[in-house]
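Since the structure comes first, as structure tokens, the remarks are kept for the end.
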Amino acid sequence: MKLSIGLFSLVGILVSSIMGQQRPGSADFIVSTCKRSLLQLDLPSEYVLNKNVTFTAIDQYGSSYAIGDQLAIQCGYRTSPDLWGNITFRASLLSCFAQILDDQSTITLRIDIFPTWDKSASVSYLKQVTCPYAWDAREILCEMNYMEVSVRRKIPMIAESALQDEPEDWVAAFPEAVAGLVSIWQVVFHLPSTRKAMLVRDAQKIGYGINITESRMLLRSPYKTAETQLLNIGGVNFSSVRSTILYKQRWLILMIDAAVACPVDDVKFTKQLITWSVPKVILPLLIGASRLKNSRIAFGVDLRTLNSAEIANRKYGLVDNYLDTTVTVPVGAQGGYYKSHVSNGNYGITYSINVFLEHEWDDSMWGVTKHTIIKEITTPFDAQPPLIINGTIPTTKTFNVTIGPFPPDVQLINVTVGTETLTIPQLAARNYNLTTITYPNGSVAYRITVPFSDKNVKIEYIGETTRAYVLIVTFGFKIIPNNENFTCTTTIVSLVQDAVLPEPSGYCDENALNVIVKRGNVDTNWVPFVKNTLLTPGTAQTSGLVFTANSTHYTITANRYSDSVMYEDTSNSGIDCDTPPYTWLIVPMGNPWSTFSVSCSLPYLKKLIDCFANGTIAVTVLKLSTVPDMELSQLVLRDKSCRPVFYTSSAAKFVFPVNACLTTRKFTQTMMIYENDVYYYRPGVTEAAFKLHVACNYTTNETLILQYGFETPPTPSAQSAFGTIELVLRLSKDSSYSTFYGDSEYPVVKYLMDPLYFEVGLLYSVDPQLELFLDNCWATASPDKPAFQSGMVVVNSCEFIETFQTIFHPVVADSRVKYPSHLKRFEVKMFTFMNAGRAYLGEIYFHCSVIICNAVQLYSDPLCTKSCIPARQRSGRSAELDTDRHQYVSSGALLLKSDVPSSFRKY
């Protein structure tokens, strides 16, 4: 007689026939495979991506049962979509609705694919698969969502000693032995301090699957139930259910141990390695066993066993000993796959691999036990900022930016250049070249080129000749199949010395101040302003300016009395007037203003004060740039009731008698002087912000004697005064002495033994009879000349040869040098100071004292006849340090960086 006891208490959907639209042969895309004690169906993502897919079990009578999460655990099903959108479905060969005959399981399933999530207009596919399998005496399966143990019905009786240990199970079971035919009627769960017995139907109601076939008995359990125990075995946590199944056949009662245990936290991660360790001695599975033998381990991927060569080729590790089995898998190894993700706006990846470990042993209780553990492993999210490579070569004037590589699930959907977002087709239509780079492992990278001349490239200015071309590019990506989006922005700066800045100059004529600007090549980014007003032909006219422009120059003309002209008090020099700065605004970045102004002195203007013979004083007050907020209508004299008789935005005029407005008078022997003051007070302030003293001098006693005749002209005499001689010490960029370092380039970086080419010159002199000689030259570690002088390079006008020899170079006349006698040149190697016995690396300054001699008069001055100076004479005596008769000159800072000679640095 054949027995088939089903899971009658399960709730399913019973229909008389298979529903859905059947398409003969259309289910071929569903790949079915018998793998160990499981049937596996694989549905490729191209058929199921973004669709609602359901599975239904069909029993031998044609009844259908929709497989939800609870039924899947109770009946032995597992639906596992991977991160690429593929779906894997596994069914235990002992699943609830399988038809089992002679160790062959036939499973019938219906797969419904709904194009939309509202489950309308589905397409159904029927799949029936028969899998043979040779069962061992006891088989334990650790699936991802359930635990399963099945045993042969033809098993040894429980030993008498075991009955003595568990008499309660036997006493409870005996009354049932006479009550029916073949059946499983009771299960007893063994807890740490008690036992819990329940009928099969009650166990099924709380989620257990309990069944019997012709040859096997089965217990299937969720990982977490009230009867589950969490055990730590060898440092690994196990979910364990210990139970006894009571089976009766007429007067025969069998008690079968149905223990099951599966690891739950046996996988460890690092960024480079996955480690999976499982103990081999699992005590709940060995109760009653007195000996173990013939232990065997199998390991594989996707339920396929790998041999030792395959394990080695994939660089997996497998270590098996009597205590445990440890598997190591390098992240990224063959058999798994990478997947991209976005977390909190950050891009990153995970690595997934489906592995299994099978331990088979022979013991005295069960015979052969096979323990199979399935693990679907995914590493934690690993944030990985995309790699960006700047391959721009400035001379090509084309940006070259590469981003990636990415796994093939990352797709570029748009690129934002500057502020303009373009799709991939739009990029192709523009002057941008987008290239997709595919690598052998399937990963991809993207390269974009953008010309410097593109409108979305910013231009910024560094120094006088260098332009910074700035590209801000944002790549927009989509991750399939879940359509996650992320962006990556990078700023690429390329420096090119190609800027020709506008060159301004100015002059004054009798009535106007003029600015002329020679255009450079940066006009699109530099625009002229006066008083923060952008100059155009229209705005210039309204500001009292004349602005003209052609292809080579700008010209700005300001009338002396226009609002754009301001006056500046120069104290003892009187009053000057000047234009507000003529300004170019640098739009992109850097120091945003470059200014130029032109000024003209007051003598060109008409007289500002008149002292009339009738005792009237007239004073004109001009608005000053030093008091920009001065309101000319609010000017007053000492008597605050005396105000200007008229005023404009640039000038105010007072007219008052000498006996009014608190004017004071004083006498000298020959003069009578009337004095007053003009004040400006800011609102609410008692202290004047501006004061102009006014005085009129009238002669009171004067005798004029007129006489005429002739005399011999007196011998001319000279008036003496002091002047300043200006010197400069400059560092040439090479031995040609044609190009020198500017102030903005200091400190200049040099290395040990680098040659330094210095030039000392007399500035502004046009006297060819003067000749400059070097007295002493030395180097210090600070800008102060008296600092420690361990670096002498010229001593007593001679080349210093004790350490690194100083070399004098001749000076000849050329387009730059008009008077060679006004210059001296020397060369010295970069060297290291020794200060307090230690080498000094850092900033170094060079200083020279100089002698200026008369080139045409000899032997008149001993200082001009030193051993290294030809017998010549200087025009004025030199003196020692700290006197006003010596001339000194210093260089900017040189930064000593390392002791590597320049001849080797290129290597």
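Derivation of every value follows stated rules applied to the coordinates shown; laboratory data play no part. This structure is a prediction, so every number in the text was calculated from the model and none was measured. Note that we place each Cβ from the backbone using ideal geometry, even for glycine, and neighbour counts take in every protein chain shown.
Report, as a whole number in µm² per second, the diffusion coefficient that Stokes-Einstein gives for segment 50-135 at 10 °C and 1.306 mPa s using the Kirkwood radius over alpha carbon pairs. Translational D for this selection: 115 µm²/s. The Cα atoms of segment 390-437 cover 36, 23, 17 Å along the three principal axes, with the biggest extent listed first.
When peptides 380-389, 847-856 are ranked by their average number of other Cβ atoms within 10 Å per residue, the highest-first order is 847-856, 380-389. Counted over segment 289-354 with a bin width of 10 Å, the fraction of Cα pairs per bin, in whole percents, is 16, 39, 23, 15, 5, 1. The slack in the chain from ASP265 to SER815, taken as 0.36 nm per residue of separation less the alpha-carbon distance, amounts to 189.5 nm. In nanometres, what is the gap between the two model label sites at PHE740 and THR33, each 7 Å from Cα along Cα-to-Cβ? Calculated label separation equals 8.1 nm. Quick one: Debye curve from the C-alpha atoms of segment 266-322, no solvent, what's log10 I(q)/I(0) at q = 0.12, 0.18, 0.20 Å⁻¹? Normalising to I(0) and taking log10 leaves -0.42, -0.83, -0.96. In terms of the mean number of neighbouring beta-carbon atoms within 10 Å, the peptides 472-480, 72-80 order highest first as 72-80, 472-480. Working note: Debye formula, equal point scatterers on the alpha-carbon atoms of segment 266-382, no solvent; log10 I(q)/I(0) at q = 0.09, 0.11, 0.17, 0.18 Å⁻¹ is -0.30, -0.43, -0.85, -0.92.
Relative to one another, the C-alpha centroids of segment 287-350 and segment 471-486 are positioned 33 Å apart.
Computed from the alpha carbon atoms alone, the convex hull of segment 616-699 holds 99 Å³ per residue.
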